[in-house]
Amino acid sequence: MKPVLVLYASTHGHTARIATRIAETLERAGVPSEVRRAGPETDPVPADYAAVVVGASIHAGHHQREIVSWARRHATSLGTVPSALFSVSLSAADDTDEARATTRKYIDDFVEATGWTPRRTISLAGSLQYREYDFFTRLLIRMMMRRGGHPTDSSQDYEFTDWDAVERFGRQVAELLPAAAAAS
Ligand SMILES: Cc1cc2nc3c(=O)[nH]c(=O)nc-3n(C[C@H](O)[C@H](O)[C@H](O)COP(=O)(O)O)c2cc1C
């Protein structure tokens with residue numbers, strides 16, 4: 001059986017952790033998987049995999065450029081395998097209609113920019129990693145968080161991710177595979 005590719009972009013490491021958890025969930029469902037980070041030296045071909053999961057996080061309203069351009073380049077091939085997209089942001093931590101519209105737009109923008117329509121999509125809440133930010137990023141994020149009524153104590157990190165939702169998403173990806181669907 002070909003593995004499932006979990007390809008991600010991550011600026012501060014949280015999306016990498018989510019990608020790893022999705023791969024672990026797939027493995028537990030009996031589906032081999034390969035986690036790779038998008039970048040100039042990484043150019044996997046979707047058709048070499050049983051399915052593809054793409055993940056990226058939002059910074060200043062946009063997903064990382066390297067993964068958008070990978071998905072755009074491979075949009076045709078991506079359309080031939082089961083595929084899924086997860087988008088990580090802090091907006092996804094807010095339970096408001098406005099935040100839901102924002103996270104929906106992040107995914108719509110990804111689809112529009114790449115020409116690839118994933119079969120499954122999910123917006124996942126990320127984390128605030130104050131301790132990893134440089135001085136100016138910390139200042140900027142604290143200002144943004146204060147405006148939104150979110151934590152501003154930069155001596156610690158804050159995680160908002162619903163890990164049960166991450167694992168559910170991993171199982172949904174496993175169900176996209178014909179063999180897994182037939183076995184279940
Ligand atoms: C400089 C910066 C800008 C960000 N901009 C946004 C944003 O515009 N919208 C949003 O919902 N989250 C925003 N976030 C939150 C990130 O999406 C969140 O921290 C995510 O967990 C980062 O994942 P990563 O560690 O994989 O990069 C921003 C975070 C940073 C550090």
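Testing T121 on (1) more than 13 Å from the ligand (Cβ to nearest atom); (2) of a type outside the set (F, W, Y); (3) assigned to a helix (DSSP H, G or I), one condition comes back false. Which one is that?
With (1) more than 13 Å from the ligand (Cβ to nearest atom); (2) of a type outside the set (F, W, Y); (3) assigned to a helix (DSSP H, G or I) applied to T121, the lone miss is (3).
Look at region 155-181 and say how many of its residues are open to solvent by less than 70 Å² (accessible area, probe 1.4 Å) and more than 23 Å from the chain's Cα centre (by Cα).
Selection size over region 155-181: 2.
Quick test for you: out of G13, G55, G61, pick the one residue that is at pLDDT 95 or above, more than 12 Å from the chain's Cα centre (by Cα) and within 16 Å of the ligand (Cβ to nearest atom).
Details: G13 fails: more than 12 Å from the chain's Cα centre (by Cα); G55 fails: more than 12 Å from the chain's Cα centre (by Cα).
Criteria check complete, one pass: G61.
Out of everything in region 139-154 that is of a type in the set (G, A, S) and within 12 Å of the ligand (Cβ to nearest atom), what residue ends up being surrounded by the most Cβ atoms within 10 Å (Cβ to Cβ)? Full working, then the answer.
To start, the set of residues in region 139-154 that are of a type in the set (G, A, S) comprises 148-149, 154.
Okay, now just the ones that are also within 12 Å of the ligand (Cβ to nearest atom), so 148, 154.
Numbers: G148: 14, S154: 16.
Per the stated criteria, the residue is S154.
I need every pair where a residue in region 98-110 that is closer than 19 Å to S83 by Cα has its Cβ under 7 Å from the Cβ of a residue that is open to solvent by 30 Å² or more (accessible area, probe 1.4 Å) and away from the ligand (no atom under 12 Å from the Cβ), sequence separation at least 6 or different chains.
Going by the 7 Å Cβ cut-off, the qualifying pairs are I107/T121.
The values are calculated or read from the model by the stated rules, or taken from the named source; none is laboratory data. As the structure is a computational prediction, the values presented were derived from the model and not from experiment. Counting neighbours? That spans all protein chains shown, and the Cβs are built from the backbone with ideal geometry, glycine included. In case anyone asks, the SASA skips ligands and DNA or RNA and just uses the protein heavy atoms, side chains included. Shrake-Rupley method; radii C 1.70, N 1.55, O 1.52, S 1.80 Å.
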